[in-house]
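Here's the structure we're looking at; comments come further down.
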Amino acid sequence: MDDTATAPLLTSHKAKPSPAKPPSIDGLIETYIGDTGALQLLKAIFVAFAWAFDAQQVFVSVFTDAAPPWHCVGNSSSCTASMTPATASPCALPPDTWAWDRPAETSVVSEWALQCAGHAALVSLPASSFFAGCLAGGFLLTTVADSRLGRKRTLVASLASMSVAGVLTAFLARNVWAYAALRFAAGLARSVVGTCTLVLSTELVGKTWRDVVSVAAFLCYTLGFLSLPVLAFALREASWRSMYLWISVPCLCYAFVLYFLAQESPRWLLVRGRTQEAVETLHKIASLNGMSTTDTTSLLSTTVDACNIVREEEGGGGMFATVRTMSERPWAIRRLAAIMAAGFGVGMVYFGMPLGVGNLGGSSIYLSTTYNAVAEVPSAVLSWLLIARANRRGSVVALAMAAGACSLACVAITNQGARMGAEVVSFFAACAAYDLILLYTVELFPTSVRNTAVGMVRQAMVLGGVAAPVLIALGRERSSVWSFGVFGIAIGCSGLFAACLPETRGKTMSDTMEEEEERSSVDQSGPIIGKYADSGDIV
């Protein structure tokens, strides 16, 4: 009797085991493709090279829109008496008493006489229009890579459109208004280049190499920035239109090659439910990594179906479904608002400092811009070290504080050499903070909304860039408090918002919003145990 009564209890206990948790996409891909091989790593770095062309489009106006040097003509006493270090432009002098050192077509300022426009907003209009285009494109196009086109096709289309806009700028810009409109179009096209590049390149490799590929993208951006002073110096006697042709035509060729060489993100394909395409992509990656793909298709498909991937609810319901998905979750809104606030101040300094080097005096614009470009190299190395060894949250706050202090120092210091040094250090810290914030955003949000989140953070950075040219022009006309002073206060205050974010160092990236919420609930309920014990995930 006792045995009879006990048996059902034992049977029932054995018949209801704890359901096994389905594997994550990240774990599935890691298991299937094995360690990232050299060829796959090179492919990911080739994708990351798109950031070089992105940097050229962002900072080309440092040279094309700069006021060229000028000199007095003959023995004009009025001109000689007016030449003081404080002289910003020769527009107050009689036209026959001065001349540009180079042909007028070397800069839009000299070609269209913008130095005498009398209004800082008109001088800064083309640069501000570019960043305004970036801002508009971010809101209109960011979700496309998550919902419709995917990472690869969105990146290729953006690169090609940006290149075409650059070529049209060289041939069709006949006045400042047409030039500003074409710069707006270029900004609209490039708005998602950086986002898609970072997300696609990191999703094509295993988590072991993710940090390396991210740093490679930052170094490619540095390479593009560093190429500009070299190119500008070589073309210093040529028209400013030549600069746009030299940066646009190679970019168009690169987009063509990228379309045939790069692969779509298998993570995005799986989240979108395009299992067969994901299987084919993973086969190619596994082959490059030296893994056998024989008789694995059915096993992979079965495992994918077991992942319970959310499709229609997370990015499958339309172009702006990913925005709606985040807006329905308070934790996602809080994260996005905090990281965007931090990005605003960082973007203002990052995009504004190179535009303001001419206000510091001292060395030539070529040398000053080279200093800033070279500063991106150690900043990328610092970013890599911080990514590998330090917490994201504390690093962003510390870098923002350092950049703000050095920017304020540019206002207080009178020595030109010391001011240049403080500016370079401020830009260096802002560069490292810029890189960290982008990677931080990648880790804060799951695959289903990741591209949208990164894109919105970049738009917050660009919003800071929209204001930067106007502040630089005001600083040139009035006082450096309007430029470097505002920069310092903005980045110092906005950087504090990063302290409100959860730490993500060592955390495995989530695939869906539900998975991220599950991890958050585990962390909030007490000490992290089991599979999350080594992740360092604090929410």
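Extending each Cα 7 Å along its Cβ direction at R148 and C253, get the distance between those two points in nm, one decimal.
It is 3.2 nm.
Which Cα, out of L135, S124, P103, lies furthest along the positive dipole direction of segment 94-183 (beta carbon charges, K/R +1, D/E -1)?
Farthest towards the positive end: L135.
Under 5 Å between amide hydrogens, which residues at least 5 positions from E503 or on another chain qualify, with H placed 1.01 Å from N in the peptide plane?
I538
Can you tell which of T370, V442, P354 lies farthest toward the positive end of the dipole of segment 316-505, using +1 and -1 charges on the Cβ of basic and acidic side chains (Lys, Arg; Asp, Glu)?
Comparing the listed Cα positions along the dipole, V442 ranks first.
Given N residues in segment 141-282, what is Rg(Cα) / (2.2 N^0.38 Å)?
Details: Rg = 17.3 Å, N = 142, 2.2 N^0.38 = 14.5 Å.
Compactness ratio reported: 1.19.
Apply 1/(1 + (r/R0)^6) to the Cβ-Cβ distance of V481 and E280, taking R0 = 60 Å, and write down the FRET efficiency to the nearest 0.05. Mind showing how you got there, number by number?
Numbers: r = 58 Å, r/R0 = 0.97.
It comes out at approximately 0.55.
Quote the charge dipole size of segment 316-505 about the Cα centre in Debye, to the nearest 20; the model charges only the Cβ of Lys and Arg (+1) and of Asp and Glu (-1). Can you show the working numbers first?
Working: 13 positive and 7 negative charges, 78 e Å.
Once rounded to the nearest 20, the dipole reads 380 debye.
Rounded, prolate or oblate, given the Cα gyration tensor of segment 238-286, with a/c below 1.5 counting as rounded?
Note, shape of segment 238-286 comes out prolate.
Per Stokes-Einstein, at 37 °C and 0.692 mPa s, what whole-number D in µm² s⁻¹ belongs to segment 316-505, with the Kirkwood radius over Cα pairs as the hydrodynamic radius? Numbers along the way, then the final one.
On the way: Rh = 16.8 Å.
Answer, rounded: 195 µm²/s.
Express in whole angstrom the spacing between the alpha-carbon centres of segment 433-478 and segment 160-175.
For segment 433-478 versus segment 160-175, the Cα centre distance is 25 Å.
My understanding is that a pair violates if its Cα-Cα distance is over 18 Å; which of K152/K507; K43/K207; K207/K507; K43/K284 do that in this structure?
On the way: K152/K507 25 Å; K43/K207 16 Å; K207/K507 10 Å; K43/K284 12 Å.
Correct reply: K152/K507.
Once the Cα gyration tensor of segment 177-224 is found, what semi-axes does its equivalent ellipsoid get, as square roots of 5 times the eigenvalues, in whole Å, sorted largest first? Please report the intermediate quantities before stating the final value.
Working: eigenvalues 180, 27, 4 Å².
Equivalent-ellipsoid dimensions as semi-axes: 30, 12, 4 Å.
Restricting attention to segment 163-221, which trypsin sites (Lys or Arg not before Pro) occupy a DSSP loop and are surrounded by at most 16 other Cβ atoms within 10 Å? Mind showing how you got there, number by number?
Values: sites: R174, R183, R190, K207, R210; in loops: R174.
Here the sparse-neighbourhood loop sites are R174.
All of the numbers you see were taken from the coordinates with simple rules; none came from a lab. Small disclaimer: the values here were computed from a predicted structure and weren't measured. Positions of Cβ are generated from backbone atoms using ideal geometry, with glycine treated the same way; all protein chains shown enter the neighbour counts.
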